[in-house]
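S.K.: Quick one: structure below, then a few questions.
Every number here is computed from the coordinates shown, using simple stated rules; none is lab data. Owing to the predicted nature of the structure, the values given are computational and were not obtained by experimental measurement. Note that we place each Cβ from the backbone using ideal geometry, even for glycine, and neighbour counts take in every protein chain shown.
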Amino acid sequence: MSTVRAATVADAPAIGEVHVRSWQAAYAGLIPADFLARLSAETRAASWARRIGDGSGQVLVLEEDGVIAGFAAFGPSQLYALYLLPRFWGRGLGRALHDRVVEGMSGDSAVLWVLATNERAKAFYVRQGWVDDDGRQTETVDDGRVTLEEMRYRRRLP
């Protein structure tokens, strides 16, 4: 049984683990392997604990049989992150989490940014009603050693 609920600071270690494991699986072959190998669940957890604690945006977790299987972070009109542990992919849980995020958004439309080479994520978002709006940006991580080309998707809100 799955449940979606607001995240608490106590969830930060599990969120950090989901964040790192999902990046390592989803971005394998798309982002340099040495960067992915150096990702730290503890570092991500500390960052998520701060974000949840200071209330900057909303963070939801999806629990499946008592395990935090995924999380999402969003603001009124932007989806910042939506990740699941790889072993939970393909079971409809991402859609359930996504639908709760959309319910929590406001305004006429929302945007998200997705790695341009992440075909799996792009297909997922298209199935959820998001459309590439031709927005593009380049982000660098790992002290400028890794460049991420991103595409912006937009969808009308209910």
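S.K.: With contacts defined as alpha carbon pairs under 8 Å and 6 or more residues apart, what's the relative contact order of the range 2-156 in percent?
M.R.: Working: 262 pairs, mean separation 32.2, N = 155.
In percent, rounded to a whole number, it is 21.
S.K.: Would you mind pulling out the separation of the Cα centroids of the range 137-157 and the range 64-111, in Å?
M.R.: 19 Å
S.K.: How many nm separate the modelled label positions at Asp134 and Ala116, each set 7 Å beyond the Cα in the direction of the Cβ?
M.R.: In this crude spin-label approximation the distance works out to 1.5 nm.
S.K.: Please give, to one decimal in nm, the separation of the simple spin-label points placed at Ser106 and Tyr80, each 7 Å out from Cα toward the Cβ.
M.R.: 1.7 nm
S.K.: Binned at 5 Å from 0, what are the whole-percent values of the Cα-Cα distance distribution for the chain, short to long?
M.R.: Final binned percentages: 2, 9, 18, 22, 23, 18, 8, 1, 0.
S.K.: Have a look at Leu112, Leu148, Leu93 and tell me which one the Gaussian network model of the chain (Cα, springs below 10 Å) gives the largest fluctuation.
M.R.: Highest fluctuation among the options: Leu148.
S.K.: Still on this structure, I have one more. Quick check on the exposure proxy: order Phe88, Phe74, Phe35 from fewest to most C-beta atoms within 10 angstrom.
M.R.: On the way: Phe88 18, Phe74 22, Phe35 15.
The most exposed by this proxy come first: Phe35, Phe88, Phe74.
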